[in-house]
Amino acid sequence: MLWVAAGVVALGFLVALEIAARRYGLPGPITNQVLEVIFPPKSGFLLYASMALMMVVLPRRQRFIAAGSAIGIDVAFLLVRWAVGTKVTDGHPFGNGALWVILGYAVIAVTRRTGQERVLLLKGVGLGLLLVAGRKAGDVWLLITSKTRPAVLDQYAATADHALGNPSWLAGRIVRATGPIGAHVLDYVYIQLAVAAVIVAVYQLRNVAVERRFPGHHLVRTFLVIGILGPAIYMIFPVVGPVFAYGTGAFGTGGPHWAVANLWPDTPPPINTPHPMPFDETTPRNCMPSLHTAWATAIFVHSRTGPRILRFAGAFWLIATLCATLGFGYHYGVDLVAGVVFALTIEAALRSLERGWDRSGIQLVTFGATVFAVLLVSYRYMPMEMAKHPWVFGPLVILALTSVVRGYVRNIKLWAPKAAPVRQPEPQPEPV
């Protein structure tokens with residue numbers, strides 16, 4: 001019933017976003033996903049990652065068949081496009097095959113499976129489609145933020161960021177000094193965050209095909225909840241980011257016409273009384289909190305239970321994501337602090353929901369939510385005080401972040417299953 005309820009809620013959410021997008025004359029998430037059955041997908045890597053999630057419910061032999069079928073279908077699409085002279089100018093020339101395989105297994109589950117086998121296969125298909133639908137829904141959410149929030153609060157975030165030493169300006173100069181190689185590496189890490197999440201999730205779900213059930217908690221749950229709740233904060237605290245509000249913009253949006261001044265990343269903004277500022281209807285208001293930081297934090301947390309190479313990859317992805325969000329001017333330092341607190345609070349809530357709410361879980365979630373709210377209120381209503389007294393408020397912000405991290409680590413240790421002590425064999429008398 002929980003899976004059915006989640007499916008109904010997700011479908012209703014997508015329908016609502018579809019209607020909202022149509023009001024602005026643009027296709028919604030459902031339309032965009034249907035178009036990718038035939039047309040080049042926006043991200044072929046994401047579709048193959050989604051198929052990998054679906055395949056955790058399949059036996060090994062069927063996984064090879066599914067992967068081979070997806071590749072064969074993509075090759076057929078490439079040949080047809082080449083034959084008719086169609087050039088792929090937007091998106092990736094592959095990925096349709098993966099989507100076809102996911103949909104094909106949905107049909108197989110309904111027509112060829114029964115009982116628990118049908119339920120398990122439908123769960124796998126739903127997991128794969130949810131990842132893709134989440135990406136499409138996120139794109140529409142960003143559109144809604146740019147259309148419904150004409151004024152942004154970047155001056156407040158930039159002023160509060162003085163308490164942390166304006167890390168985005170420093171990181172921007174460092175990334176520029178590394179040249180195109182460093183920028184390309186960070187850009188790839190930033191864009192392919194969902195693929196990294198799938199790698200960790202596939203490891204966590206590696207035994208589903210054998211055990212014929214999903215674990216109580218895994219990364220995909222945290223990933224989706226962060227993506228659902230995060231955009232609501234965008235609407236409350238709309239921020240576009242320093243590269244747009246204080247720089248030349250990126251991707252053809254923002255820029256000097258809308259910016260306060262062309263300051264990023266060479267000159268930190270002066271400390272002046274902040275005001276809401278009008279901005280274009282194209283740039284997403286997707287900074288506060290930094291969901292890329294929240295997702296990378298979730299990847300790091302869930303990778304801790306894996307082998308050494310997975311733990312190393314999780315740490316690398318978190319560090320590289322933090323560097324990219326700051327170094328490309330997409331976020332302020334205060335966004336990243338809020339993103340980590342946001343992620344750990346959601347992770348604690350989901351773990352408590354899975355294991356049963358107790359005093360420690362309630363206290364941690366309440367404390368994390370309170371710290372998150374206090375941070376947002378401080379950024380909005382006390383930015384001048386934070387900027388004028390950085391040696392007071394900077395350590396306080398870091399202390400608030402550290403307290404949530406410490407509370408989460410302590411609770412995780414308390415919640416970890418205790419290993420039963422090994423019973424020592426009793427000494428036996430030696431035969432005479």
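Checked across segment 161-173, the condition of being assigned to a helix (DSSP H, G or I), in contact with a Cys (Cβ under 7 Å, 6 or more places away or on another chain) and more than 20 Å from P59 (Cβ to Cβ) holds for at least one residue. Residues of segment 307-350 that are of a type outside the set (V, I, T), closer than 30 Å to A177 by Cα and touching a His at 6+ places or on another chain (Cβ under 8 Å): G314, A324, Y330, H331, G339. The single residue among I30, I71 that is open to solvent by 50 Å² or more (accessible area, probe 1.4 Å) and over 22 Å from the mean Cα position of the chain (by Cα) turns out to be I71.
Determine, yes or no, whether V185 is within 18 Å of the chain's Cα centre (by Cα) and of a type in the set (V, I, T). Judged against the criteria, V185 is not a match.
For L326, the conditions (1) open to solvent by less than 20 Å² (accessible area, probe 1.4 Å); (2) at pLDDT below 95; (3) in contact with a Pro (Cβ under 7 Å, 6 or more places away or on another chain) all hold with the exception of (1). Has segment 285-292 got any residue that is part of a loop (DSSP other than H, G, I, E, B), open to solvent by 20 Å² or more (accessible area, probe 1.4 Å) and more than 22 Å from E385 (Cα to Cα)? Yes, segment 285-292 contains at least one residue that is part of a loop (DSSP other than H, G, I, E, B), open to solvent by 20 Å² or more (accessible area, probe 1.4 Å) and more than 22 Å from E385 (Cα to Cα). Among the conditions (1) over 19 Å from K413 (Cβ atoms); (2) among the aromatic types (F, W, Y); (3) assigned to a helix (DSSP H, G or I), F367 misses just one, which is (1).
The values are calculated or read from the model by the stated rules, or taken from the named source; none is laboratory data. What you are looking at is a predicted structure, and each value in this text was computed from that prediction instead of being measured. Reconstructed Cβ throughout: ideal geometry from the backbone, glycine too, with neighbour counts over all protein chains shown. The area values use the complete protein model at the heavy-atom level, side chains included, leaving out ligands, DNA and RNA. Shrake-Rupley method; radii C 1.70, N 1.55, O 1.52, S 1.80 Å.
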